[in-house]
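The values are calculated or read from the model by the stated rules, or taken from the named source; none is laboratory data. A quick note: this is a predicted structure, and the numbers were derived from the prediction, not measured. Here the Cβ positions follow ideal geometry from the backbone for every residue, glycine too, while neighbour counts run over all protein chains shown. Ligands, DNA and RNA are excluded from the accessible area calculation, which covers all protein heavy atoms including side chains. Shrake-Rupley method; radii C 1.70, N 1.55, O 1.52, S 1.80 Å.
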Amino acid sequence: MARNENILLSSSLLFLFGVLLTCAEGSPFNVTHLAFDEGYSHLFGEGNLVRSPDGRSVRLLLDRYTGSGFISSDLYQYGFFSAAIKLPEDYSAGVVVAFYTSNGDVFEKTHDELDFEFLGNIRGKQWRIQTNVYGNGSTSRGREERYTLWFDPTEKFHQYSILWTAKNIIFYVDDVPIREIVRSEAMGGDYPAKPMSLYATIWDASNWATNGGKYRVNYKYAPFVSEFTNLVLQGCTVDPIQQLPAATCSDKHSALEAADYAAITPARRAAMRKFRQRYMYYSYCYDLLRYPVPPPECDIIPSEKQRFKDSGRLRFGGHHRRHSKHRNHVSEGSSSEYQSEV
């Protein structure tokens, strides 16, 4: 118990320092950051959600008793959802930190969902990221992609963002778009279109998260602490009872689609292509065992396809690179430095 109390005290001091450092660094987009109580509420994990002294940041903890999470106070009909996140360090196998939108509590059988899932690992192995898209309850048609990163996400905060409009979906890491889905008629109801809430959680996923469940959560290293700041909710709120959008939604939708983050410029597209070449190690679009005919939104790039097996996983000798703390400064640098290499 004393060890856990010392860990919590030390992590509290580091949390405050990290938040101050992140605020000084700023965010990659021109957006308004919210205090926690301005847009979110506690979801689960009594005592395992800890607010910063200024109320603008939170920590989510996982211990042997419970995980924790928070939820946006409103549902949104399209929006931009973002947070600077710092992941648990050291041994994190079996731990999942999730930042996602969903309406599963409202539409149990036809829910929509957009996911960032951060998958923990054993000591010395890097965290991995999974993105996923579900529309209209299409859980049997998962649209997963998995990646590693060009930095250590446990060392400092990085901004993770989801743009969701009636036309497209973009996942960002800092200012680098890592994935885009463009809506098409062929997708039909598989494109998420119903109002969703924003969620952030940390939980025990020992049965699948690390090497298919080979490595489980080891509570000797608890509590596992994930930290969130630079919180952003932009979009049109929806009445939670009638599930109808506000009368001003057309203006907010137009503003959303006109925002800087809604446009993938040539430089951003080049950065996205480079990211996917170097760090994507699974894509459902190339998983011919699951989908002999790729889903309609898949943009099959021949040079990208040849790097993957029929299972959708990277071939041996591909460009996927393991993260090392001993990489040079350019590899460990900011996303702006990453884009400047393009």
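Here are a few things to note about the model shown:
- Residue tally, condition part of a strand (DSSP E or B) and either open to solvent by less than 40 Å² (accessible area, probe 1.4 Å) or free of Cβ contacts under 8 Å to residues at least 12 places away in the same chain (or both), over the stretch 45-73: 11
- With respect to being assigned to a loop (DSSP other than H, G, I, E, B) and either more than 23 Å from ASN230 (Cα to Cα) or touching a Lys or Arg at 6+ places or on another chain (Cβ under 7 Å) (or both), GLU108 fits the description.
- Sole residue being open to solvent by 10 Å² or more (accessible area, probe 1.4 Å), at pLDDT 95 or above and either at negative phi or under 14 Å from the mean Cα position of the chain (by Cα) (or both), chosen from TYR134, TYR76: TYR76
- Of note, ALA247 does not satisfy the criterion of being part of a loop (DSSP other than H, G, I, E, B) and under 30 Å from HIS42 (Cβ atoms).
- Condition met for ARG276 (open to solvent by 50 Å² or more (accessible area, probe 1.4 Å), assigned to a helix (DSSP H, G or I) and not hydroxyl-bearing (Ser, Thr, Tyr)): no
- Residue match in the stretch 189-205 (condition: without any contact (Cβ under 8 Å) to a residue 24 or more places away in the chain, open to solvent by 20 Å² or more (accessible area, probe 1.4 Å) and not β-branched (Val, Ile, Thr)): no
- Restricting ILE178, ILE85 to those that are part of a strand (DSSP E or B), open to solvent by less than 10 Å² (accessible area, probe 1.4 Å) and closer than 19 Å to ARG268 by Cα reduces the list to ILE178.
- Top-ranked residue of the stretch 187-216 - restricted to ones that are of a type outside the set (A, V, I, L, M) and part of a helix (DSSP H, G or I), ranked as nearest to TYR65 (Cα to Cα): GLY213
- Exactly one residue out of SER250, SER254, SER334 is closer than 24 Å to LEU34 by Cα, modelled with pLDDT under 95, within 20 Å of the chain's Cα centre (by Cα) and small (Gly, Ala, Ser): that is SER334.
- Selection of the stretch 206-247 for residues being aromatic (Phe, Trp, Tyr) and open to solvent by 10 Å² or more (accessible area, probe 1.4 Å) yields TRP208, TYR215, TYR219, TYR221.
- Residues that are in contact (Cβ under 8 Å) with a residue 12 or more places away in the chain and of a type in the set (Gly, Ala, Ser) within the stretch 103-123 comprise just one, GLY120.
- Any hit, the stretch 95-107, residues being over 24 Å from SER73 (Cβ atoms) and surrounded by fewer than 18 Cβ atoms within 10 Å (Cβ to Cβ): no
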